[in-house]
């Protein structure tokens, strides 16, 4: 199997040069880089071609910021490898040749559809993470983040089967993506796509895992910046609050789309939990009927 590493951009180059330099250092030369530049004024192409110089580089410049949902589908349309890893540009990866271990998982786990660096075994009706806690009050999630314990449990095993992932780092089998016809275009710009794609993977009979890659997500380099907030307000012709509107819109769409199948919990053996536990009544493998009902 082979892999494309896709990194979307919307300015903020100076904030992430060191992060990208590290990513270049720990990524094997066999991996192709795909940079989607959403109308940046920063010299993104120059930095990649003349400073980072990955061996295999495909740089694509959009005239304007098309938003995360459209960017994902653009990535899916351009990828020609078996797998695609989509990483935010503010993700520190600390493992040398992390991409080789990612490929190994897809080669050895039957019907692995998606893989991430953070996720949870369960998901509730509005997309909330659910994780059996190790102690009262523990956050819901599992990872090998630098500060994993602040966000949930730290993975000690090589990987953990999960229901959903976090969008800062997700890897997909392109056969699964083609079967899913990409990301649902009813979602607006940003939010909930990282719940929808892994659940789509499960609905098609694939598996999802969190891999214990040591990493750190700086977070908010693009989406929380005034530049992005002003852009999305203009895009949706609002004076303010457009990003919050897209979150509410996408949350409603997510709920209506997935409510017959949630809550859902993936056990450590990849089976789907049924019955009552920790206040949730799980619906077992009902999600597997979704594709049959279309």
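Laboratory data are not the source of any read-out in this text; all were calculated from the coordinates shown. What you see is a predicted model, and the numbers here were worked out from it, not measured in a lab. With ideal geometry, Cβ positions are generated from the backbone for all residues, glycine too; neighbour counts draw on all protein chains shown.
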**OP:** With label points built 7 Å along Cα→Cβ from the Cα atoms of residue 230 and residue 94, find their separation and express it in nm.
**Re:** 3.6 nm
Original post:
Given R₀ = 51 Å, FRET efficiency for residue 56-residue 276 by Cβ-Cβ distance, to 0.05?
Top reply: 0.50
Original post:
Mind checking the angle between helix 13-26 and the chain's longest principal axis? C-alpha axes, 0 to 90 degrees, to the nearest 10.
Top reply: 70 degrees
**OP:** Would you calculate the separation in nanometres between label points at residue 139 and residue 156, each defined as 7 Å from the Cα along the Cα-to-beta-carbon direction?
**Re:** 2.1 nm
**OP:** Output the Cα-based Rg and Dmax of the stretch 14-143 in Å, rounding Rg to one decimal and Dmax to a whole number.
**Re:** 17.1, 51
Subject >> Beta bridges by DSSP in the chain, antiparallel share as percent, to the nearest 5 >> reply: 55 percent
Subject >> Stretchable slack from residue 126 to residue 256, in nm (0.36 nm times residue separation minus alpha-carbon distance) >> reply: 45.9 nm
Original post:
What is the spin-label model distance, in nm, from residue 238 to residue 111 if the labels are put 7 Å beyond Cα along the C-beta direction?
Top reply: 3.9 nm
Original post:
Tell me, what is the FRET efficiency for residue 30 and residue 219 to the nearest 0.05, using R0 = 25 angstrom and their Cβ-Cβ distance as r?
Top reply: 0.30
**OP:** Over all alpha-carbon pairs in the chain, figure out the percentage whose distance exceeds 27 Å.
**Re:** 39 percent
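Suppose only helical runs count, i.e. DSSP H with n ≥ 4. What mean residue ellipticity at 222 nm does that imply for the chain under -39500 (n - 2.57) per run, divided by all residues and rounded to the nearest 500 deg cm²/dmol?
On the way: 10 runs with 94 residues, N = 294.
Dividing the helical sum by the residues of the chain leaves -9000 deg cm²/dmol.
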Subject >> For the stretch 144-172 and the stretch 1-77, distance of Cα centres in Å >> reply: 23 Å
Subject >> Label-zone membership for the stretch 30-53, site residue 2, 7 angstrom Cα→C-beta point, backbone N under 11 Å >> reply: 30-33
